[in-house]
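The values are calculated or read from the model by the stated rules, or taken from the named source; none is laboratory data. These numbers come from a predicted model, not from an experiment. Using ideal geometry, Cβ is built from the backbone for each residue, glycine included, and neighbour counts are taken over all protein chains shown.
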Amino acid sequence: MAIETDLELMLRVREGDAASFEILLRRYRLPLVSYFRRMVRDQGLAEDLAQEVFLRVYKSRERYQPEARFTTWLYRIATNLALNAIRDRRDEVSDSAGDDADGGPVLERFVDPHPTVEQRLMQGDRERLIRQAVEALPENQRTAVILHKYQEVDYRQIAGILSVSESAVKSLLFRAYETLRVRLEPLLREGRI
Amino acid sequence: MKCLETETLISYAYHLTDELAASQVRAHLAECPRCREIVEQHGRLDALLDEWKAAEPTPWFDVRVRHAVEEQQSRRDARSFWGWDWARGLALASLGVLIIAGVAWFTLSHTGDYTSSRVATQQPHSMSGPQTPPQTAKLQSPNGTAHPGVEPAQAVPELKSTGAEDKDALALEDYDLAANFDLLSELPKGQARVAN
């Protein structure tokens, strides 16, 4: 049985085929939740946002026009939601924290005040350092790196998702990867031994 | 040997270059240990970034999405019957009735104006003096027969008058005055009827 393309599935969803929507849900549930998990860190919020993406896809199925790749459209919706959520939470934190903005990584201030045992065990390990390094990147660089590295989205598609030129995406990625190389140099040296 | 720009090396390391540029970088790397070191560092960074794992969706995620979609669909179905679609149809129907009523009212009111103005201009006006004898005006039917005893105000007459009344009528230009002027009240008693 041939694997249906996203486009074929979406066109069928447009005609009201619930089974095709179910296939898209299964195909993109993990990528989307992972994407939001890395963008906003919070697992509950990540799932809420992923659910919202699927809901928006379903709501706008009748207006869907196959002009761009399905994943470009999907990640454009997801990226807008993620960035809005980050900004909303940043506003909440700055409102509640008053003037104590320290200029550090934004998402570092969203740490759960009651971490689980598992989260405590994770503190101090390599993964946390990597996550912090990525989260400390400027918003557009962080988005570009997460899309490119973790979602395996082509830089041309990233240009469509972020509505910038391809050369601008290359520049974002170049600066982001170079910053990460410098910040994570201790881990890179450690890895060589 | 001049080293390549860092941007070019990073673009190569992350597959952001086309094949022609990639082959040129490969040729340079074979002879430049410094540039090779940068590319190798980014290769290690690429592997290091893989260690950041994202959690799987919770088992009930799919159920939540399906439920949200079904809820959205049922809301939409309900709205299409009881909500906006239904209300929009009612509003359009009301607007149509209003337009038809407006057009009908406008047509009828203008038709009335036309009739009254025509009757007013055709009424016999005896303005030369209150003592003008009414015998000069005669009501006639279309076939020329007179109607004895018919009140002028009730008849829808086709008036046939003598030349003296026509002159008076031309002198009366004020339509409102003509319409309100009680001609009959000025006639001598017993002569209110149009003479045969």
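Any residue at all in the stretch A:174-181 that's closer than 20 Å to A:T72 by Cβ, free of Cβ contacts under 8 Å to residues at least 60 places away in the same chain, more than 10 Å from every other protein chain (Cβ to nearest Cβ) and assigned to a helix (DSSP H, G or I)? No, because not a single residue in the stretch A:174-181 is closer than 20 Å to A:T72 by Cβ, free of Cβ contacts under 8 Å to residues at least 60 places away in the same chain, more than 10 Å from every other protein chain (Cβ to nearest Cβ) and assigned to a helix (DSSP H, G or I). Which of the residues that make up the stretch A:1-41 are of a type in the set (D, E), surrounded by fewer than 17 Cβ atoms within 10 Å (Cβ to Cβ) and either assigned to a helix (DSSP H, G or I) or within 11 Å of chain B (Cβ to nearest Cβ) (or both)? Once the filter is applied, which keeps residues that are of a type in the set (D, E), surrounded by fewer than 17 Cβ atoms within 10 Å (Cβ to Cβ) and either assigned to a helix (DSSP H, G or I) or within 11 Å of chain B (Cβ to nearest Cβ) (or both), the stretch A:1-41 yields A:E8, A:E22. Note on the stretch A:54-72: among residues that are hydrophobic (A, V, I, L, M, F, W, C) and farther than 19 Å from A:R37 by Cα, the one that is farthest from the chain's Cα centre (by Cα) is A:A68. Could you check, for the stretch B:20-36, whether at least one of its residues is farther than 20 Å from A:Y155 by Cβ, surrounded by 14 or more Cβ atoms within 10 Å (Cβ to Cβ) and of a type in the set (A, V, I, L, M)? Yes; the residues of the stretch B:20-36 include at least one that is farther than 20 Å from A:Y155 by Cβ, surrounded by 14 or more Cβ atoms within 10 Å (Cβ to Cβ) and of a type in the set (A, V, I, L, M). A count restricted to the stretch A:25-53 and to residues that are touching a residue at least 40 places away in the same chain (Cβ under 8 Å) and more than 10 Å from the chain's Cα centre (by Cα) stands at 3. Among residues of the stretch A:153-186 being within 17 Å of the chain's Cα centre (by Cα) and among the aromatic types (F, W, Y), the one that is surrounded by the most Cβ atoms within 10 Å (Cβ to Cβ) is A:Y177. If you check A:Q51 against the conditions, is it crowded, with 20+ Cβ neighbours inside 10 Å and either small (G, A, S) or within 11 Å of chain B (Cβ to nearest Cβ) (or both)? Yes.
Going residue by residue through the stretch A:54-65, is there one that turns out to be modelled with pLDDT of 90 or more, surrounded by 21 or more Cβ atoms within 10 Å (Cβ to Cβ) and in a helix (DSSP H, G or I)? Yes, the stretch A:54-65 contains at least one residue that is modelled with pLDDT of 90 or more, surrounded by 21 or more Cβ atoms within 10 Å (Cβ to Cβ) and in a helix (DSSP H, G or I).
Among the candidates A:R69, A:R29, the residue that is at pLDDT 90 or above and farther than 25 Å from A:A136 by Cα is uniquely A:R29. Would you confirm whether or not the stretch A:159-173 contains a residue that is assigned to a loop (DSSP other than H, G, I, E, B) and either within 11 Å of chain B (Cβ to nearest Cβ) or farther than 21 Å from B:E5 by Cβ (or both)? Checking the stretch A:159-173: at least one residue is assigned to a loop (DSSP other than H, G, I, E, B) and either within 11 Å of chain B (Cβ to nearest Cβ) or farther than 21 Å from B:E5 by Cβ (or both).
Looking only at the stretch A:87-105, decide whether some residue is out of contact with any helix residue (DSSP H, G or I) (no Cβ under 9 Å at 6 or more places or on another chain), modelled with pLDDT of 85 or more and facing chain B (nearest Cβ under 9 Å). No, there is no match, as no residue in the stretch A:87-105 is out of contact with any helix residue (DSSP H, G or I) (no Cβ under 9 Å at 6 or more places or on another chain), modelled with pLDDT of 85 or more and facing chain B (nearest Cβ under 9 Å). When the stretch B:38-63 is filtered for residues that are more than 9 Å from every other protein chain (Cβ to nearest Cβ) and surrounded by 12 or more Cβ atoms within 10 Å (Cβ to Cβ), the ones remaining, listed by number, are B:V39, B:E40, B:G43.
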